[in-house]
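Following: one structure in structure tokens, then a few remarks.
The values are calculated or read from the model by the stated rules, or taken from the named source; none is laboratory data. Just so it is clear, the model here is predicted, and its values are computed rather than measured. FYI the Cβ positions are ideal-geometry reconstructions off the backbone, even for glycines, and counts take in every protein chain you see.
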Amino acid sequence: MKKHTFILSDESVNEYGFRILTAGIDLKRFKKNPVMLYAHIRSFESKGKDGVILPIGRWENIRKEDSQLLADAVFDEDDEFAMKISSKIDKGILNTASAGLDVLEYSEDPKLMGKGQTLPTVTKSILKEASIADIPGNGNAVRLFGKELVVSIGLSDSNPQDLNKLFLTNKPHKKMDLIISEINKYHEKTGITLSSTASEQEILVAMNKVLSNQKAELTAKTETITTLTSEKEKLTADLEAAQGNALKGKAEAVVDAALAAGKIVEAQKERYLKLASGSEEGFDFVKTELAEKKAYQPISAQLNSSGATTNDEDLAASWDKNFKDGKLEKIKLNSPDKYAEMFKAKWGREYQA
């Protein structure tokens, strides 16, 4: 029996207004059971006992060539109805075939739209069966004669309204598209990539995983911030302590030098140290004051250096004069040695601070 090659599907726009991408047709299921029907009619759909139409044959050499899906028709020679169909094909009375497809995914991308196309482009589908058709969905559909190629796309018993329902039913909601897009941004972290036809359950599972991942990241960042804040506080405290120790060391050096030079006495040391080590401003003030301060000389030494003599009477008289002028407290604070000399001369005993 002569074999006839049919184009089961191509990428032209059919009479319903959509087209099917050949590369996206999954053939695995069909190749396991390449059944040939007539006009997509299955046995349980036939009316009456005498009207039962069983599969009329099978398809062989199923292949894709460029944008076409091709197959060779093999008829059941033991089936009277199948042989009638075969005979009509041999005579050129029947010339078309039609693919029965399940739509998985489709696209409304303008770049995929053909001339006259009004419905989306089917990008992924599964071939379930292929039929010999009397009136094809594609007006140019004929059997392959030499170089003359034409095809009928399946769903020959459907109408445009049914197809619109099909696309609307399979079309994800715009918000769901956005959710899927956002979830897929976290693919590297979650290992999940959702298709545009993902179920609500799949989306929910993926969303929970994304949220769990974000929560873990937030917890880790919070712990990092807490650790860094603690480390910063410790470093700040260490720095302030180091600066304080450095300032204290500088203050001690300046005050000790002034004490050694006789610019101040031991009783004044603590007051100057406290002021100089309290702040940089206090240190600068003390340093300047002590630098300008002259070393203390006893009154007796001052008088002797001028060629004069001094005695207890002079020192006692100096006590009385400064007492009268209200200057004794100032002398006691700034020149404790001078105060002690005058005290001894006036009262005849050593001054005890």
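For the reader, a short list of remarks on this structure follows.
- Screening the range 170-208 for residues that are of a type in the set (S, T, N, Q) and surrounded by 15 or more Cβ atoms within 10 Å (Cβ to Cβ) and picking the one that is modelled with the lowest pLDDT gives N170.
- Note on the range 251-353: enclosed helices (runs of 4 or more DSSP H) holding 3 or more residues that are within 30 Å of E240 (Cβ to Cβ) and either within 60 Å of the chain's Cα centre (by Cα) or at pLDDT 85 or above (or both) are 266-278, 280-292.
- First in the range 262-283 and over 16 Å from Y339 (Cβ atoms) and touching a residue at least 12 places away in the same chain (Cβ under 8 Å), second anywhere and outside any helix (DSSP H, G or I) and among the aliphatic types (A, V, I, L, M), Cβ under 9 Å, 6 or more apart: K263/A295; Y272/I264
- Condition met for S9 (loosely packed, with under 14 Cβ neighbours inside 10 Å and under 15 Å from S131 (Cβ atoms)): no
- Annotation note: of E240, E182, the sole residue that is farther than 30 Å from S277 by Cα and either in a helix (DSSP H, G or I) or free of Cβ contacts under 8 Å to residues at least 24 places away in the same chain (or both) is E182.
- Residue match in the range 66-73 (condition: over 60 Å from the mean Cα position of the chain (by Cα) and not polar (S, T, N, Q)): no
- Residues that are closer than 19 Å to I126 by Cα and surrounded by fewer than 21 Cβ atoms within 10 Å (Cβ to Cβ) do not occur anywhere in the range 85-93.
To keep it simple, each residue is scored yes or no on (1) buried (at least 16 other Cβ atoms within 10 Å of the Cβ); (2) in the same structural domain as I135 (by TED's automatic domain parsing); (3) under 28 Å from T118 (Cβ atoms).
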residue	(1), (2), (3)
N14	yes, yes, yes
T22	yes, yes, yes
G57	yes, yes, no
S67	no, yes, yes
A71	yes, yes, no
A99	yes, yes, yes
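- Once the range 94-124 is narrowed to residues that are over 30 Å from R58 (Cα atoms), in a loop (DSSP other than H, G, I, E, B) and not acidic (D, E), the residue that is nearest to the chain's Cα centre (by Cα) is P120.
- Any hit, the range 42-55, residues being outside any strand (DSSP E or B), of a type outside the set (K, R) and closer than 25 Å to P120 by Cβ: no
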